[in-house]
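These notes are about the structure you will find just below.
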Amino acid sequence: MEYSIVTNNLSKKFGSFTAVDSINLRIKPGDICAFLGPNGAGKTTAIRILCGILKPSSGNGSILGYDLLRQGEKIKEKLGYMSQKFSLYHDLTVRENLDFYAGIYRLSSKRRQQRIEEMISLAGLAGREDQLVANLSQGFKQRLALSCAIISDPQVIFLDEPTSGVSPAARRSFFNIIQEQANQGKTIIISTHFMDEAERCGQIAFFNQGRLLALNHPEQLKKGILPGRLYRLEAEDPIGILDRLSQLPGVKEVSLHGRSLHILLETGQPAECLKEWAGAEAELIEPTLEDVFLALAKKKEGENYDSNPISN
Ligand SMILES: Nc1ncnc2c1ncn2[C@@H]1O[C@H](COP(=O)(O)OP(=O)(O)OP(=O)(O)O)[C@@H](O)[C@H]1O
Ligand SMILES: [Mg+2]
């Protein structure tokens, strides 16, 4: 199976409001795909459809080859889902929570014990098995919630903003666990507002107003969206030279970033010209994912939407 997740023009309407607008996803086993986009962009709604919790209004798709419209129950058995407000039982202990989720997935009693031990070790919770969840720090709660979601060893894992509200160190260790799962060939969808996390994902799906603006590798997105070359120029009077720079041939865009200017040159335009024009050294820089998102969102506003933005 080439793709573990496929959707074709998948849409969800709530009344007359379109929360997910004709999205086409293709995601492979072993991939970590970040769902990125502003609040209300449709990430959670898309995840809930893919998990078989919500019925799409139109379009179709498959998870691990199972049909999203007709085999929802089968799909639910095969995947792990950690919701945006992850659901742990605070008045139960760490082990009792794991045991509860193992029961939901109907693991045999031998397998249940084995998986609970594996999950305690994966989450770094050894020594805390009998602690009440209410008394765990947010970082431990988060890793326990992940362990509960994947206790059945699912091939596809959906994580909806699992890292909000935890420290950078806890986020890193969480991400290492996810990476390990992907290395075993699992497919992982993770929605996040952290660009550093998105950078670590093999695929990024940019959502805006229900639409999928792009789905590609972070590096490809950066290359694709800015077909010129981006330079940073430190100048004594950036505001003073901004207008003049914008007028020069070969300069596509100039923007102010604190005391420096970001200058997008047309391909083939040598950067040495900048030194001549501005009297300062220009440094080649990489666009950030934020630059990419803004450029994509701007591009889509004025043109007819390309219903198949997948470029990998
Ligand atoms: N059950 C519902 N009924 C009506 N509208 C809904 C429902 N669920 C979601 N919406 C709307 O759909 C849009 C997309 O919501 P969704 O939760 O998918 O966004 P999101 O990208 O996950 O945002 P966030 O980053 O804040 O989590 C929002 O405008 C939301 O209000
Ligand atoms: Mg959400």
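Every number here is computed from the coordinates shown, using simple stated rules; none is lab data. Nothing here was measured: the structure is a model prediction, and the numbers come from that model. Don't worry about glycine lacking a Cβ; one is built from the backbone with ideal geometry, like all the others, and counts go over all protein chains shown.
Okay, here's what the table says:
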| item | result |
| --- | --- |
| Helical mean residue ellipticity (222 nm; -39500 (n - 2.57) per DSSP H run of 4+; nearest 500) of the chain | -10500 deg cm²/dmol |
| Overall Cα dimensions of segment 227-286, principal axis frame, Å, largest first | 27, 21, 17 |
| Kirkwood Rh in Å, taken over segment 5-222 so that all alpha-carbon pairs contribute | 17.7 |
| Cross-link pairs Lys223/Lys275; Lys78/Lys186; Lys12/Lys76; Lys43/Lys76; Lys252/Lys299; Lys28/Lys299 - those with Cα-Cα distance over 21 Å | Lys223/Lys275; Lys28/Lys299 |
| Formal net charge of residues neighbouring Arg259 (Cβ-Cβ distance under 11 Å; K, R +1; D, E -1) | -2 |
| Top positive-direction residue, dipole computed over the chain with Cβ charges, set Gln114, Gly258, Ile5 | Gln114 |
